[in-house]
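I have placed the structure first, in the form of structure tokens, so that the comments after it can refer back to it.
The values are calculated or read from the model by the stated rules, or taken from the named source; none is laboratory data. These numbers come from a predicted model, not from an experiment. Please note: Cβ atoms are built from the backbone with ideal geometry, for glycine as well, and neighbour counts cover all protein chains shown. Heads up: the accessible areas ignore ligands, DNA and RNA and are worked out on the full protein's heavy atoms, side chains in. Shrake-Rupley method; radii C 1.70, N 1.55, O 1.52, S 1.80 Å.
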Amino acid sequence: MVDDKGGEGDGRIFFKSEIFKDGPKAAGNYSSSIGAEQGLETFGGGTPSHKRSRPSRTHLEPAREIPVFAETDVLVVGGGPAGTAAAIAAARLGADVLLVERYNHLGGLSTGGLVIWIDRMSDWSGKHIIRGFAEEIMDRLPKEAVAGPKRTDWGSKDAATAAYWAQRTSAFHGIVTWSPTVDPEALKTVSMQMATESKVRLLLHAWAAAPILEGNTVKGAIFESKEGRHAVFAKVVVDTTGDADLIARTHAVMESDIDESDIHHCMNTAFLVGGVDMETWLAFRKNDPKGFAAFMTEGRARLKFFEKPFVSWRNDVALFMGPRLSGYSAVDVEDLTTVELRSRQLAVGHVEAYRALAPGFKNAFLMLGAPQVGVRHSRRLSGLRKVTRQQWDTGQVWDDEIGVSTSLSPKFANISVPYGALIPADLDNILGAGRHVACDASSHTFLREIPQCWLTGHAAGVAAALAANQGKAPRAVAVADIQRALSRQGAYFSPAIAQALRPSAAE
Ligand SMILES: Cc1cc2nc3c(=O)[nH]c(=O)nc-3n(C[C@H](O)[C@H](O)[C@H](O)COP(=O)(O)OP(=O)(O)OC[C@H]3O[C@@H](n4cnc5c(N)ncnc54)[C@H](O)[C@@H]3O)c2cc1C
């Protein structure tokens, strides 16, 4: 999906795709006056005006005894792509697993956030490299729940095929890729089925409030639910909250360097629009550039920040993943509230403008505002190892590789992901996976994508189960054991690692 733009000083690479092309910045925010074909319209927020000052007094919360809800081998907190993969993978290795999620579904942003565009799982040659749990869950989705190119087209540079898929999320740099759109309800269903079949004990509607910590060792977590407060003890905890909620509430160092004018910092609540005819819209975009430019100009005049739709898994449903709001924090409750208010206002405005002006949108209606706010970045682990921008050029293969990510463009090597990126340097008995794995800000642009979250979640689950079974801290588990278990569960490795694993895997 993403392309790169020349690094700035420290080698930061900013998001720039064939669909999102960023325009000039104004006062730290992207200008709204960018050309019609330059669609990235991030706009500012984060001014203190939406916040009331808070009283300076504090309240001393009395200490109290709380009931223990469970004692388990592996506690996974957060049921997004990473947490779902982690819980299922751990349970399949025989661990007793409790998966706790604050909402009523699994899938996190990939379902409740309406981020239904599952980014690239094939590399630029068309090889399927993000596999294992990712491959299995995609394969289990019903045919009608997935819209994407057929396998024989992955890696194709045929101009007509690439042009067709470029309009439909699945071709970049003139290469067809495996990055389909999916039905979020089907993904919820399959996620729950897989969790149940694997004997994961699922606890929904429960919010993790704090880790239970003894020195550097995490012993479990405290939850709030309709029942009040309770504790869960676990041999190993996996934090897959997306924001590293548990890890951040310890003394562990976190990283959070993201430029506020970078799309990766932005937040917004996505929305689906029903009753549309996307083929008519796509034909209009392709065949009538002047009409399209006039439409965008009129849209901007009406709304100032005006967004283009993406295809979905159905022709009659359009996906809007913006406008993107900059300057807000995903871990500030007033910012979260403001993002919801502004996103709702913009969603309604978009539907009105599109219904009035856009070919294919005459009968459009606002079908669903995402139940989960869209957060691209908040905090990242300070891990034992991290993926950095330098690795894109060198093609370094880590000896503790747990999987291989796709890279941003054909000029970069595939990205070897180290186990050390899941281990907070300052803590024992807890792993982090998903969009807060240890990496630099540039590498976060792709390591946060859904397939990569499946990849790191899968590995965290395997490592947690092995650690619990062996009575060891996760950092003490032999990497070869983790790699072999992942390999048996279908994960892909760089050729050098796969070669080293071969004799053992055949045992
Ligand atoms: C607008 C937008 C567009 C994007 N576009 C794409 C794209 O095109 N393709 C792509 O592949 N990726 C895309 N992404 C990125 C991707 O959606 C996320 O990075 C990915 O879903 C992260 O997965 P995760 O499991 O780490 O976290 P999440 O999906 O955020 O899941 C975390 C889960 O933990 C739960 N949770 C959080 N805190 C607690 C707590 N304290 N207690 C209990 N439960 C908790 C949440 O409810 C949630 O279910 C996009 C993201 C956004 C916001």
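Taking 0.36 nm per residue of sequence separation and removing the Cα-Cα distance, the Ala63/Ala500 pair yields an extension gain of 152.0 nm.
Taking the C-alpha atoms only, the angle from helix 278-287 to the longest principal axis of the chain is near 60 degrees.
Three principal axis extents describe the C-alpha atoms of the stretch 145-299; from largest down they are 63, 41, 33 Å. I want the local charge near Phe69. Using Cβ-Cβ distances under 12 Å, sum +1 for each Lys or Arg and -1 for each Asp or Glu among the other residues. With Lys, Arg at +1 and Asp, Glu at -1, the neighbours total -1. Amide H contacts of Val76 (H built 1.01 Å from N, in plane; Pro and chain starts excluded): Leu98, Leu99, Val100, Val238 sit under 5 Å, all sequence-distant by 5 or more or on other chains.
For the pair Glu71 and Arg201 in one chain, pulling the backbone fully straight at 0.36 nm per residue adds 45.6 nm over the alpha carbon distance. No solvent, one uniform scatterer per C-alpha: report log10 I(q)/I(0) for the stretch 231-380 via the Debye equation at q = 0.09, 0.11, 0.16, 0.20 1/Å, two decimals. The computed values of log10 I(q)/I(0) come out as -0.38, -0.53, -0.90, -1.19.
Diffusion coefficient of the stretch 328-384 by Stokes-Einstein, Kirkwood radius over Cα pairs, 10 °C, 1.306 mPa s: 116 µm²/s. The distance linking the stretch 104-128 with the stretch 365-388 is 13 Å (Cα centroid to Cα centroid, whole angstrom).
Based on the inverse mean of 1/r over its pairs of different Cα atoms, what is the Kirkwood hydrodynamic radius of the stretch 38-168, in Å? Each step should come with its number before you reach the end.
Numbers: mean 1/r = 0.0506 Å⁻¹.
One over the average 1/r among Cα pairs gives 19.8 Å for the stretch 38-168.
Of the GluC sites (Glu not before Pro) found in the stretch 144-218, none is in coil by DSSP with at most 15 other Cβ atoms within 10 Å of its Cβ. Taking Cα atoms only, the orientation of helix 81-92 departs from the longest principal axis of the chain by about 30 degrees.
From the alpha carbon gyration tensor of the stretch 436-494, can you work out the equivalent ellipsoid semi-axes (sqrt of 5 times each eigenvalue) and give them in Å, largest to smallest? Spell out each step's value before the answer.
Values: eigenvalues 102, 38, 18 Å².
Values for the stretch 436-494, descending: 23, 14, 9 Å.
Relative to the longest principal axis of the C-alpha atoms of the chain, give the angle of the C-alpha long axis of helix 289-303, reported between 0 and 90° and rounded to the nearest 10°. The helix 289-303 is inclined about 70 degrees to the chain.
Can you compute log10 of I(q)/I(0) for the chain with the Debye formula, treating each Cα as one identical point scatterer, at q = 0.07, 0.10 Å⁻¹? The computed values of log10 I(q)/I(0) come out as -0.36, -0.76.
If you look at the Cα atoms of the stretch 208-265, you get an Rg and a Dmax of 14.1, 42 Å.
Mind checking the per residue accessible area of the stretch 46-97 for me, 1.4 Å probe, whole number of Å²? Display every interim value, and only then the final one.
Numbers: 3240 Å² over 52 residues.
Accessible area per residue, the stretch 46-97: 62 Å².
A dipole drawn for the chain from +1 and -1 charges on Cβ atoms has a positive end, and of Pro410, Ala347, Val238 the residue lying farthest that way is Ala347. Go from 0 up to the bin containing the longest alpha carbon distance in the stretch 375-494, width 5 Å each, and give me the % of pairs per bin. Bin by bin from 0 Å, the calculated values are 2, 13, 24, 26, 20, 11, 4, 1, 0.
For the chain, carbon and sulfur atoms together expose 51% of the accessible surface, with a 1.4 angstrom probe and every protein chain in place.
Lys and Arg at +1, Asp and Glu at -1: add these up for the other residues within a Cβ distance under 12 Å of Leu98 and post the number.
On the way: positive: Lys199, Arg201, Lys235; negative: Glu71, Asp73, Asp96, Glu101.
Its environment carries a net charge of -1.
Placing R0 at 51 angstrom, the Cβ-Cβ distance between Leu336 and Asp158 gives a FRET efficiency of 0.70 after rounding to 0.05. Residues of the stretch 170-194 with an amide N closer than 14 Å to a point placed 7 Å from the Cα of Arg140 along the Cα-to-Cβ direction: 186-194.
What FRET efficiency, computed as 1/(1 + (r/R0)^6) with R0 = 51 Å and r the Cβ-Cβ distance, is obtained for Lys286 and Ala476, rounded to the nearest 0.05? Walk me through the intermediate numbers first.
Details: r = 56 Å, r/R0 = 1.10.
Step by step, r from the Cβ atoms, then E = 0.35.
With bins 5 Å wide beginning at 0, the percent of Cα pairs of the stretch 113-156 falling in each bin runs 5, 18, 28, 32, 14, 3, 0. Counted by Cβ distance under 12 Å from Arg151, the other residues give a net charge of -1, where Lys and Arg count +1 and Asp and Glu count -1.
Placing +1 on the Cβ of every Lys and Arg and -1 on the Cβ of every Asp and Glu, with nothing else charged, gives the chain a dipole about its Cα centre of roughly 580 debye. Taking amide H positions as modeled 1.01 Å from N, with prolines and chain starts lacking one, the residues under 5 Å from Ile402 and 5 or more places away or on another chain are Val417, Tyr419. Each peptide in 190-196, 286-292 receives the mean, over its residues, of other Cβ atoms within 10 Å, and ordering these scores from highest gives 190-196, 286-292.
For the stretch 109-217, the pair-distance distribution built from all alpha carbon pairs, in bins 5 Å wide starting at 0, is 2, 11, 17, 19, 15, 12, 8, 7, 5, 3, 1, 0 percent.
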